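Below: one structure, written as C-alpha cells.
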Amino acid sequence: MSGFLTGEALRAFVHALPKVELHVHLVGSASLPTVLELARRRPSAGVPTAPEALAEFFTFRDFPHFLRNYLAVTSLVRDTRDIHTLVTGLAADLAAQNARYAEVTVTPYNHLLDGMTGDDLLTGLATGRAAAKAEHGVELAWCFDIPGEKGVVAGRETVVFALRERPEGLVSFGLGGPEVGVGRAQFAPFFTRAREAGLHSVPHAGETTGPATVWSAVHDLGAERIGHGVGAYTAPALMEYLAAQGIPLEVCPTSNVRTGQFPSIAAHPIRRLLDHGVVVTLNTDDPPMFGATLDGEYLAVAETLGLTASEIARLAENAVHASFLEPASKAALVTEIKEILLQDTEHLA
C-alpha cells in the first residue's frame, strides 16, 4: 500500500480534512460578485464593473501591479455593511471547503484612511464574526497588520488602534505590503508594544525578497510565524534555524505564482523547505483575486510533489499546531484529521 491518492479519491480526501487558514486578507477574500457589487456602487474607485474586465484587472504583471489593484479594491470598502459582507462571505467560502477556523488579516489603517470610522470597522467585524460561527460553523480570529508602504506613522496608528480597541478575536499583529525598500526593523517598536500586550507577532517577510528580510522579521520583530517566508529557501542556515525554532511559514503557493515570484507550483520551493524540516502551512492569501481555494492549494501541492495521504494530513496538522487556537480546540481538530487519515488508510488496505 503506497498511500498515494489520485483523481476523485484525492479530492475527496483533501475536502474531508478539517482545515485551518492562517494567511488570508479580509479585503482579498472578497468574492468576484461582491467586488462587482461594490465597484458598481462606487465607480469612482476605478475597479471594473463588468466580469470580463474584472478578470483582466485580477491578472497581475508583478507584485507592485497586484498591490495597486488590491488597494483600489480596498477603497471600495466604506462601512459596517461592507465589512460584515466580507466577513460572512469569507466564512461561507471556508465552510464550503471544510475549513473550521481562520486567522484573518485586517488592515485598519487603510480603512480609516479611506474614510471608514473605527466604530464601523469594529462593528462589522463583530457582527460578521458572530454570523460566521452561527451560520457557517466557522470560527474567525483577527490579525491587525501595518501597511508597510505607509511607513512608521501607519505602524504607530495601527498598534494604538489595536491595543485601545482590542476587539474580541484579535490574536496577532502583522506587517504587510511591499518588502523592497520597506525594512522590517523600522517597525520593531510597534511589534514590541503589541507582543508585550499579548498579541502574537506574524509579519510578512520573504514574499518578494530573500533571507535577509526573514532574518529581520525574526530578530527585529520577534516573529512567531512568518507570512510567506519562501525567500528563506536559498539559505540553508536560515531554514535550519526556522526548523529548529519551530517557526512556521504561512505559504501561499498560488499567490506566489500569480504575483510572479515563481513560474509554477512545480518551480515553487515548498519541497526544499519541507526537506529542511521547516514547518509549512498552506494558505490562500487573496483567494478570488488569485483564483485560489484552500482545497485547491492542498490539491496542487499534493499532485505536484507526489505527496502521500499521510504527508497531506501532516500539512493540515501543521496549520492547526501553528494556529493560535486554544489547546482543546487544537487537540480536537488533530484527532479528527487522524481519524480521516485512518479511514483513508483502511479504505486503501
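Computed from the coordinates by the stated procedures, all read-outs in this text should not be read as laboratory data. Keep in mind that this is a model prediction, so the values were computed, not measured. Here the Cβ is made from the backbone with ideal geometry for all residues, glycine too, and neighbour counts use every protein chain on show.
Using +1 at the C-beta of Lys and Arg and -1 at the C-beta of Asp and Glu, which of 299, 288, 76 has the Cα lying farthest in the positive direction of the dipole of the chain?
76
What lysines does residue 19 reach when the alpha-carbon gap must be under 17 Å and sequence neighbours fewer than 8 apart in one chain are set aside?
Of all the lysines, those that pass the test against residue 19 - Cα under 17 Å, at least 8 places apart if same chain - are 133, 330, 338.
Mind checking the dipole of the stretch 179-307: about its Cα centre, +1 per Lys or Arg Cβ, -1 per Asp or Glu Cβ, Debye to the nearest 20? Intermediate values should be presented prior to the final figure.
Numbers: 7 positive and 13 negative charges, 45 e Å.
Rounded to the nearest 20 debye, it is 220 debye.
Counting other beta carbons within 10 Å of each Cβ, put 286, 79 in order, fewest first.
Details: 286 25, 79 16.
With the fewest neighbours first, 286, 79 line up as 79, 286.
Taking θ = phi - 60°, what integer Hz values does the Karplus form 6.51 cos²θ - 1.76 cosθ + 1.60 yield along the stretch 170-177, in sequence order, with x for Gly and Pro?
6, 10, 8, 10, x, 8, x, x
Using Cα pairs closer than 8 Å and at least 6 residues apart in sequence, work out the relative contact order for the stretch 112-237, in percent. Can you show the working numbers first?
Values: 184 pairs, mean separation 24.4, N = 126.
Once normalised by length, the contact order is 19 percent.
Could you pull out every whole DSSP H run in the chain that spans at least 24 Å of Cα extent along its own axis and averages -1.0 or higher on the Kyte-Doolittle scale? Don't skip to the end; give the middle numbers.
Working: long enough: 118-136 (26 Å, -0.23); 327-348 (32 Å, 0.07).
The answer, listed by residue number, is 118-136, 327-348.
Cα centroid distance between the stretch 90-139 and the stretch 47-72, in Å?
Cα centroid of the stretch 90-139 versus Cα centroid of the stretch 47-72: 22 Å apart.
Mind sorting 119, 145 by how few other Cβ atoms lie within 10 Å of their own Cβ, fewest first? Provide the component values of the computation, followed by the final result.
On the way: 119 10, 145 27.
In increasing order of surrounding Cβ atoms, one gets 119, 145.
Among 23, 108, 248, whose Cα lies farthest out toward the positive end of the dipole of the chain, if unit charges sit on the beta carbon of Lys, Arg (+1) and Asp, Glu (-1)?
Among 23, 108, 248, the one farthest towards the positive end of the dipole of the chain is 108.
Report the relative contact order of the chain, percent, no decimals, based on alpha-carbon pairs under 8 angstrom and at least 6 residues apart.
Details: 622 pairs, mean separation 70.3, N = 349.
Worked out over the chain, it gives 20 percent.
For the stretch 268-284, in order, what is each residue's ³J(HN,Hα) by Karplus, 6.51 cos²θ - 1.76 cosθ + 1.60 with θ = phi - 60°, in whole Hz (x at glycine and Pro)?
Result, rounded to whole Hz: 6, x, 4, 5, 4, 5, 4, 5, 8, x, 6, 6, 9, 10, 9, 8, 10.
Would you mind ranking 156, 41 so that the residue whose beta carbon has the fewest other beta carbons within 10 Å leads the list? Mind showing how you got there, number by number?
Values: 156 16, 41 12.
Going from sparsest to densest Cβ surroundings: 41, 156.
In debye, nearest 20: dipole of the chain around its Cα centre with unit charges on the Cβ of K, R (+) and D, E (-)? The partial results should precede the final answer.
Details: 26 positive and 40 negative charges, 118 e Å.
Roughly 560 debye for the chain.
Between the stretch 1-25 and the stretch 233-275, what is the C-alpha centre distance in whole Å?
Rounded to whole Å, the Cα centres lie 20 Å apart.
Quick one: of the DSSP bridges fully inside the chain, what percent are antiparallel, nearest 5? Provide the component values of the computation, followed by the final result.
Numbers: 1 of 28 bridges.
Approximately 5 percent, going by the DSSP bridge assignments.
Which entry in [x] 63, 46, 33; [y] 59, 42, 41; [z] 52, 52, 36 matches Cα extents along the principal axes in Å derived from the coordinates of this structure?
[y]
Starting from the amide H of residue 200, placed 1.01 Å from N in the peptide plane, find each other amide H under 5 Å away whose residue is 5 or more places distant or on another chain.
172, 173
Using a simple charge model, +1 on the beta-carbon of Lys and Arg, -1 on the beta-carbon of Asp and Glu, nothing else, what dipole does the stretch 225-298 show about its Cα centre, in debye to the nearest 20?
On the way: 4 positive and 7 negative charges, 32 e Å.
Roughly 160 debye, rounded to the nearest 20.
Using modelled amide H (1.01 Å from N, peptide plane; none on Pro or chain starts), what sits under 5 Å from the amide H of residue 105, excluding residues fewer than 5 places away?
Residues meeting the amide H criterion: 24, 25, 26, 143.
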